[in-house]
Amino acid sequence: MEEAAGSPSVGGSYPQKNAEILSSQYGINLFLAGLLLTFAWAVHAVGISKSHLLSYLITLMLIQLLWMLWYLCRSCTQRRLIRDKDTHAGARWLKCGITLFAVITLILDSFKIGYYIDFSNCLSPTEGIFPVTHAAHTILQVYFLWCHAKDIIQSFKTLERFGVIHSVFTNLLLWTNGVLTESKHQLNEHKERLITLGFGNITIVLDDHAPQCNCTTTTLCSIFSQGIYYLYPFNIEYHILASTMLYVLWKNIGRKVEHHQQHKTPFKFHGITVGMIFGLIVLTSTIAIVVVYLIQIGRSKIKSELALTMFYLHAIFVLALMCTAGIVALLIYRLEDRSLDNSKNPARKLDAELLVGTAAGSWLLSWGSILAIICAQAHPKYTWYNLPYSVLVIIEKYIQNLFIIESIHREQEKVNDDIKTLRIVTISRGSTLSLTPSYKEIYNGRATRDSGEVPCLFEGSICGRENDGGGGAKEETSQENSSVMHSASDFSFYSRNSVTNNKRRILKNIAAFLFLCNLSLWIPPAFGCRPEYDNGLEEIVFGFEPWIIVVNLAMPFSIFYRMHSAASLFEVNCKT
């Protein structure tokens, strides 16, 4: 926390703290009202329709658009002022990621506009206004984050707190709306699949929100309706990334930062070939598994069971590899003696909290599956593979969280003085002798103390001192002894440096491998490959509706965990 220099600054901190509390409470109430409205629409509450929900979201987006325009205009008028920046917030790779998701979100909005045009006879006008407003909101928000994600706001702080927190919870509500819409679509497909697995005692009642009229062009309607649900995972990731970046901006309002040089950590492919190759193998095989799973599941009982067995065996193998890689990385950290960076950093703190918080979603599902396997009376053969899979999910996330959190808190290794060496060329009796003492030895005056030579510290020059003939033999002996001594010390130094480089190379390969593995494990649940839905055993033990509620609540956090872990591991790879 910041220390106050005197009573005026102490008194001045109270209004800002109150503004932070008031703005956070405003955001929470904004979110709860929208969440309740979303829930009412989902359960077909009397008097609540989709148009009410969309009207609420449109209003929130328009308010955020007005605030962002005001902030951008004010920034343009104060362009010449020097502003503090949080160098840890809004990394370039994060901005590129959110831009990619935003572009796909714009495609989703265009599909929604086309879908509304085809069903315009029986859809509310809000369903046409919503994607247009959302597209404008997306474009301006991405521009805002590219230009101002690193800002540390020091003026109009109370007003800005309300504007930023409004933006945070607007994105969270848009994320919730996307998750619910996508989950309802997945649920309808899941109910149909359960029949093929022999769970006929589960009541199949499809939750249908389809328009009650015919499409003007059937082919286009089919493309739009199917394409929308394949693009929703990217829309979901876009809004959760935007909300996290805006939250860091909100935490930085009024913050005082120490000005120090920030080391640039560009991503390099050099030295991570092994990790990339194994990671790409996992990624390719995962895509193939997902394609086969989506084709086979629901076709027949035998094909569905084979698809589930194939998924579990592949996931068990990948998770076992990830656990092994994480353990090796943690063992390397235990062998190193490097201090942790405990300085105040809202972005880093949020990363750690999100890792642990979102991991709880998949942990909940895993413990539910384990309990179902233990308590179930009948066990189809494919359900036994769910036991090691669920156990490995718990262990893998535990190990990976330890590795990532320790990596982002480790101080970046600085260049040691011993790495900087100068070549000393001395001239004695017309002959040249080349020595390579360390920079630290030269600086301390020990490099040529015995021989009486004066080292040359000017880059690109050769200097020396003519020696008397009487002391030539003595000086040659001294130089030979000094050369042997320096060679031994240099050999020891380069050996230690080689070991350090090998450890760093192993860590970079592990981070690259885990990065691609997390991207691979993000793909199946994001695109409909969800054995938690299709397994069927959990529904028998817990009941259909309770288990579906648990899955619908936990699955979005599990999906976000994989994408956030991949982003964090990318940062670890750059930092290592």
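Every number in this text was worked out from the coordinates using simple rules, so none of it is lab data. Quick caveat, the model's predicted, so the values are computed rather than measured. A quick note on method: Cβ atoms are made from the backbone with ideal geometry, for glycine too, and the neighbour counts reach across all protein chains shown.
Non-local amide H neighbours of Arg410 (under 5 Å, H modeled in plane, Pro and chain starts lacking H): which ones?
Answer set, sorted by chain and number: Asp341.
Starting from the Cα-Cα distance between Ala360 and Thr216, subtract it from 0.36 nm times their residue separation and give me the gain in nm to one decimal.
47.3 nm
Under a plain spin-label model, where a point goes 7 Å from the Cα along Cα-to-Cβ, how far apart in nm are Ser75 and Cys122?
Going from the Ser75 label point to the Cys122 one covers 4.5 nm.
Give me the extension gain from Cys574 to Leu35: residue separation times 0.36 nm, minus the current Cα-Cα distance, reported in nm with one decimal.
Full-extension gain reported as 190.2 nm.
Enumerate the residues in the stretch 166-182 having an amide nitrogen under 20 Å from the point lying 7 Å beyond the Cα of Ile549 toward its Cβ.
Within reach of a label on Ile549, which here means backbone N under 20 Å from a point 7 Å along Cα→Cβ, the stretch 166-182 contributes 176-177, 179-182.
Expected output is a single nm value to one decimal: the length gained when fully extending between Thr273 and Ile223, i.e. 0.36 nm times separation in residues minus the C-alpha distance. What is it?
14.0 nm
Any idea what the dipole of the stretch 16-256 comes to, in debye rounded to 20, about its Cα centre with Lys/Arg Cβ at +1 and Asp/Glu Cβ at -1?
Result for the stretch 16-256 is approximately 1260 debye, rounded to the nearest 20.
Mind scanning Lys50/Lys184; Lys251/Lys397; Lys95/Lys503 and naming the pairs with a C-alpha gap bigger than 19 Å?
Table pairs above 19 Å Cα-Cα are Lys251/Lys397; Lys95/Lys503.
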